[in-house]
Amino acid sequence: MTLEHLDHALEQEFAGHASTIHKLKISDPHFKALLELNHTIWREIHNIENGVTAASDEYLTSLRKQRLNILDDIARLVSAAEA
């Protein structure tokens with residue numbers, strides 16, 4: 001998966017907020033770092049689920065929880081930027 005595809009997937013998760021996500025991505029280093037971390041974790045989850053990388057169920061669950069926390073942080077930042 002390319003970074004561009006992942007950006008598109010994130011924008012789908014936050015439908016209607018693509019413009020805000022783009023603005024934050026280019027103007028807020030913390031937001032950009034969250035996006036990059038989200039992408040890294042998403043790729044790792046994707047590789048485990050598709051059998052590319054071996055991992056325990058506990059580790060996969062941990063990754064999913066980390067990603068949900070990151071998505072919550074992204075949602076808060078998007079919401080604050082639109083307020």
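Bear in mind these aren't lab numbers, they're just calculated from the coordinates by the rules spelled out. Quick caveat, the model's predicted, so the values are computed rather than measured. Heads up, the Cβs are rebuilt from the backbone with ideal geometry, glycines too, and the neighbour counts pull from every protein chain shown.
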Linear extension gain, residue 60 paired with residue 30, 0.36 nm per residue minus alpha-carbon span: 8.3 nm
Mind pulling the angle between the C-alpha long axis of helix 57-82 and the longest principal axis of the chain? Nearest 10 degrees, somewhere in 0 to 90. 0
Considering the options 38, 16, 50, tell which one lies farthest towards the positive end of the dipole of the range 15-82, charges being +1 on Lys and Arg and -1 on Asp and Glu at the Cβ, about the Cα centre. 16
Given contacts defined as C-alpha pairs under 8 Å and at least six residues apart, what's the relative contact order of the chain, whole-number percent? 35
In degrees rounded to 10, the 0-90 angle between helix 18-27 Cα long axis and the longest Cα principal axis of the chain is 90
What size of dipole, in debye to the nearest 20, comes out for the chain about its Cα centre when the only charges are +1 on Lys and Arg C-beta atoms and -1 on Asp and Glu C-beta atoms? 140
